[in-house]
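Below is one structure, written out as C-alpha cells; comments come after it.
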Amino acid sequence: MRIVLLGPPGVGKGTQGRRLATERGRALISTGDMLRDAVAKRTPLGMQAKVLMEQGRLVPDDVMVGLVRERTLESDAACGFVLDGFPRTVPQARALDAMLAERSIRLEVAVLLTAPDEDLVRRLSSRWECPVCRRVYNTLSAPAKDGRHCDDHPETELRQRADDAEATVRTRLVVYREQTAPLVDYYRAGGRLKEVNGTGAPDAVYAELTAAVGR
Ligand code: AMP
C-alpha cells in the first residue's frame, strides 16, 4: 500500500497518517518532520529550509523530490508507505509518479482530508508536539495525560511549532490553496482521489480513512 495524505495544515494528516502507518506496518514519511530534524541538526538542508518554514513558504521542489527519492528507497518503505506533506505541488506529484514508475510500482490512492479554515486555525493554535518522537497532542481534543509532557517520553516537555503562530498559519493556508490544492484535480483526474471529512473526532476520521483506503 502506497498512499498520500493530502489536505490543509492542521487537518490531521500527521495524526491519522501515524496511526495508519503503524497499524498497517508501513513507513510513515513526513517531509515536515524530516525538515524539522534537519533544522535541529543544522545540516545544510536544515539551514536552507529553516527560513522558508518559518515564513510558511515551501522548500523548492527539487530539494523535496531528492529527499523523498532517497527516503522511499529505505528498507522500511519496501512494503509500502504513507506520505504526509508530500507532494505539495503538481511538479512534486509528477516527480513522485515518475520515480515510482521507474521502480515498477505506483501510488494507489491519495486521500484528501477536509475541514473549514476556522477549525484549522483553532486546531493549530492548540497543537503541541513531542520533540523526541514527534507525537502530536491537542490541548482541546487530544491532550497529553499530564498536560505538559509526552505520554511516551515522560521526561520531555511538549512544545509548539514556530510555524503554528497565527500569522504564519494564515500564510500556510494561502500557500496551500495556491500551490497544493491543484493536486486534488491531479489525483481526481487519475481516478486516485478519495475524500474524507476531517472534522470529526480522531477515531471517527480514522474509521472513514480506513474505509477509503481499503485493505
Ligand atoms: P508540515 O509539517 O507538513 O506542515 O510542513 C512544515 C513545513 O515544511 C511547510 O510549511 C514547508 O515549509 C515545509 N515542507 C514540508 N513538506 C514540504 C514539501 N513537500 N514541499 C515543500 N515544502 C515542504
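Taken together, the values in this text are just the output of simple stated rules run on the coordinates, not laboratory data. Values in this document were obtained by computation on a predicted structure and should not be read as measured data. Positions of Cβ are generated from backbone atoms using ideal geometry, with glycine treated the same way; all protein chains shown enter the neighbour counts.
The stretch between Ser125 and Met47 holds 25.6 nm of extra length on full extension. This uses 0.36 nm per residue minus the Cα-Cα distance. Of the residues Gly32, Gly56, Gly198, the one that moves most in a GNM of the chain with alpha-carbon contacts below 10 Å is Gly32. Scanning residues 5 or more positions from His149 or on other chains, those with amide H under 5 Å from its amide H are Leu158, with H placed 1.01 Å from N in the peptide plane. DSSP finds beta bridges in the chain, and of those with both partners inside it, around 25 percent are antiparallel.
Between the range 40-107 and the range 1-29, the C-alpha centres lie 14 angstrom from each other. Shape class for the range 16-61: prolate, because the ratio a/c of the largest to smallest gyration tensor axis (alpha-carbon atoms, square roots of eigenvalues) is 1.5 or more and a/b beats b/c.
Listed peptides 142-154, 164-176 appear in the order 164-176, 142-154 once ranked by packing, highest mean of other Cβ atoms within 10 Å at the front. If you take the square roots of the eigenvalues of the alpha-carbon gyration tensor of the range 100-140 and sort them as a ≥ b ≥ c, do you get rounded (a/c under 1.5), prolate (a/b over b/c) or oblate? It comes out oblate by the Cα gyration axes.
Shape analysis of the chain places it in the rounded category; the axes a ≥ b ≥ c from the Cα gyration tensor give an a/c below 1.5. Taking all Cα pairs closer than 8 Å and separated by 6 or more residues, the relative contact order of the chain comes to 29 percent.
Dividing the summed -39500 (n - 2.57) terms of all DSSP H runs of n ≥ 4 by the residue count of the chain sets its mean residue ellipticity at 222 nm at -13500 deg cm²/dmol.
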